[in-house]
Every structure is written in C-alpha cells, then in structure tokens.
1. If I filter region 25-32 for residues that are closer than 20 Å to K10 by Cβ, over 10 Å from the mean Cα position of the chain (by Cα) and of a type outside the set (G, A, S), do I get at least one hit?
2. Identify, by number, the condition in (1) under 18 Å from S21 (Cβ atoms); (2) at pLDDT 85 or above; (3) surrounded by fewer than 16 Cβ atoms within 10 Å (Cβ to Cβ) that G65 doesn't meet.
3. Collect the residues in region 1-22 that are in contact with a Lys or Arg (Cβ under 8 Å, 6 or more places away or on another chain) and in a strand (DSSP E or B), keeping them in residue-number order.
4. Out of the residues in region 24-53 that are in contact with a Phe, Trp or Tyr (Cβ under 8 Å, 6 or more places away or on another chain) and not in a strand (DSSP E or B), which is surrounded by the fewest Cβ atoms within 10 Å (Cβ to Cβ)?
Amino acid sequence: QISRNSRCVKSTVTNCYIDNSQVDTTTCTGSQYSGANVMTAVTTNCNIRNSYAYSNTCTNSQYDGIYITSSTTTGSRISGP
C-alpha cells in the first residue's frame, strides 16, 4: 500500500492501494486507486474510483466516477459521472 497523500513518479506498482495520491509516469498492475491523480500511466487490471486520469493507457480496468482525458481504454468498464 502506498501512503495516503503521497506522490509516485516513474514507479512500477503491482497489487497496491493508492489513495489520494499523485501518480506520474507509472506502470500499475492489479492496483486500486481512490481519489488519485493519475497522469501518463499504464494501468492493467486496475480499479480506479473518484480519480483523474490523463493521457493513460488502460486495459481491463474498471472506472467509477472519474474524469478521463486523452486516454486509450481496452476492455474497460466505465460508470458514474
């Protein structure tokens, strides 16, 4: 688990919980985001809730109540406002 209110830059995270954090240029697999700012990331099999996703490549991920910009999504589920 990544500490709350932290910042991850150029990281590789696997099976992590990321809450209220800044994530830049990161490769994330099997992770869960809540209230995170995810930029220029590659996410696979992730659950992303109430977050901001910008310029990301997402595969088999679930989104709920997030803001998505300039992203490529494959096999993903998007719900909420």
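1. Among the residues of region 25-32, at least one is closer than 20 Å to K10 by Cβ, over 10 Å from the mean Cα position of the chain (by Cα) and of a type outside the set (G, A, S), which makes the answer yes.
2. For G65, the failing item is (2).
3. D19, Q22, listed by residue number.
4. Per the stated criteria, the residue is T40.
The values are calculated or read from the model by the stated rules, or taken from the named source; none is laboratory data. The shown structure was predicted, so the numbers you read here are calculated from the model rather than taken from an experiment. Don't worry about glycine lacking a Cβ; one is built from the backbone with ideal geometry, like all the others, and counts go over all protein chains shown.
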